[in-house]
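The values are calculated or read from the model by the stated rules, or taken from the named source; none is laboratory data. Just so it is clear, the model here is predicted, and its values are computed rather than measured. Neighbour counts are summed over all protein chains in view; Cβ atoms, including those assigned to glycine, are modelled from backbone coordinates with ideal geometry. Please note that ligands, DNA and RNA were not included when accessible areas were found on the heavy atoms of the full protein model with its side chains. Shrake-Rupley method; radii C 1.70, N 1.55, O 1.52, S 1.80 Å.
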Amino acid sequence: KEGKVKPATINKDVAALKSALSRAVEWKKLKENPLTSVKALREEGGAKVRYLEPHEEEALLAALDGREHDMRKARKSGNVWRRERQRTELVDLDTSPFVDHLKPMVLLSMHTGIRRGELFGLEWSDVDLNCAMLTVRGSIAKTSKTRFIPLNPFIVGVMRQWKEQTSGEGLVFESPEGGKFDNIKRAWQNVLARAGVKNFRWHDIRHHFASRLVQKGVDLYVVKDLLGHASIVMTERHYAHLAPQAKVDAVAKLVEPKVSAKGEGDENRQAS
């Protein structure tokens, strides 16, 4: 019915209230959480997630490169103008791996699935490039639980370049004002428009990360741990439908050829 609140919305609100009441118990403001026994409502169907198709990912990465090229060109042209008028020139962007924070932010998110709030609060002490490991501290994690995300060789290279470009201390991504970012909406929307990618939020980068893993056959429990989901139910609801081949491979094992003691396969023999 029109105007009816969806079970998913109710579950989300109840979960938030449960969390608040649990904190009240922890602070000894309540003796017990009255919602502990309340179960989540059944949600019909699988949740739809937005992830990039291969051509969209290619377009997005090209748009990031194009943005970098245009900003370098504009800086060079601006410095010519300043030089002619004997004004102080700005830093030559051609000497830096990146023109600013946006490209390394997007790449790190695409290869780790880190949430935006976690990304903004990330510090260099959380990034171990020698061991290729990213630590999402409980103090910045949405679930308040620390988790560890391995870094693949590509993103290790990206972060090494970014670290060399920055002070390498404090926040990994420091705002122009010198503190935490609170949003990067304008720059992000401009890149999406340039790439021709529609209906794709920053949070959807996280969905893209998880979707690619599932489509490549990564176990849902591994994806759950990487994303920091509190329950496998959430992971399954969002991504289980993206791994149909896993089910095909599973039932195919029932008719796989059995190998005899002599090493000869019997292709016609089926499982009893």
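Some points to look at:
- Some residue of the stretch 84-95 being touching a Leu at 6+ places or on another chain (Cβ under 7 Å), open to solvent by less than 100 Å² (accessible area, probe 1.4 Å) and not charged (D, E, K, R): no
- In the stretch 101-149, the residues that are free of Cβ contacts under 8 Å to residues at least 24 places away in the same chain, assigned to a loop (DSSP other than H, G, I, E, B) and out of contact with any strand residue (DSSP E or B) (no Cβ under 7 Å at 6 or more places or on another chain): Asn130, Cys131, Arg137, Gly138, Ser139, Ile140, Ser144
- Selection status of Ala193, in contact (Cβ under 8 Å) with a residue 12 or more places away in the chain, part of a helix (DSSP H, G or I) and within 20 Å of Met71 (Cα to Cα): no
- Unmet requirement for Asp65, which otherwise passes all of (1) closer than 19 Å to Gly196 by Cα; (2) surrounded by 15 or more Cβ atoms within 10 Å (Cβ to Cβ): (2)
- Qualifying residue in the stretch 42-57 (condition: more than 30 Å from Ile205 (Cα to Cα) and open to solvent by less than 80 Å² (accessible area, probe 1.4 Å)): no
- When Lys4, Lys39, Lys28 are checked against the criterion of being loosely packed, with under 10 Cβ neighbours inside 10 Å and at pLDDT below 75, a single residue qualifies: Lys4.
- Members of the stretch 102-120 that are within 22 Å of Lys224 (Cβ to Cβ) and either surrounded by fewer than 17 Cβ atoms within 10 Å (Cβ to Cβ) or of a type outside the set (Ser, Thr, Tyr) (or both): Leu108, Met110, His111, Gly113, Ile114, Arg115, Arg116, Gly117, Glu118, Leu119
- Check on Gly78, without any contact (Cβ under 8 Å) to a residue 40 or more places away in the chain, open to solvent by less than 50 Å² (accessible area, probe 1.4 Å), within 30 Å of Ala187 (Cβ to Cβ) and not acidic (Asp, Glu): yes
- Of the residues Val158, Val222, the single one that is part of a helix (DSSP H, G or I), open to solvent by less than 80 Å² (accessible area, probe 1.4 Å) and either farther than 19 Å from Glu68 by Cβ or of a type in the set (S, T, N, Q) (or both) is Val222.
- Filter result (surrounded by fewer than 20 Cβ atoms within 10 Å (Cβ to Cβ) and not in a loop (DSSP other than H, G, I, E, B)) within the stretch 196-208: Asp204
- Matching option when the condition is among the acidic types (Asp, Glu) and more than 30 Å from Leu129 (Cβ to Cβ), among Glu89, Glu56: Glu89
- Qualifying positions in the stretch 175-194 - open to solvent by 30 Å² or more (accessible area, probe 1.4 Å) and touching a helix residue (DSSP H, G or I) at 6+ places or on another chain (Cβ under 6 Å): Lys180, Arg194
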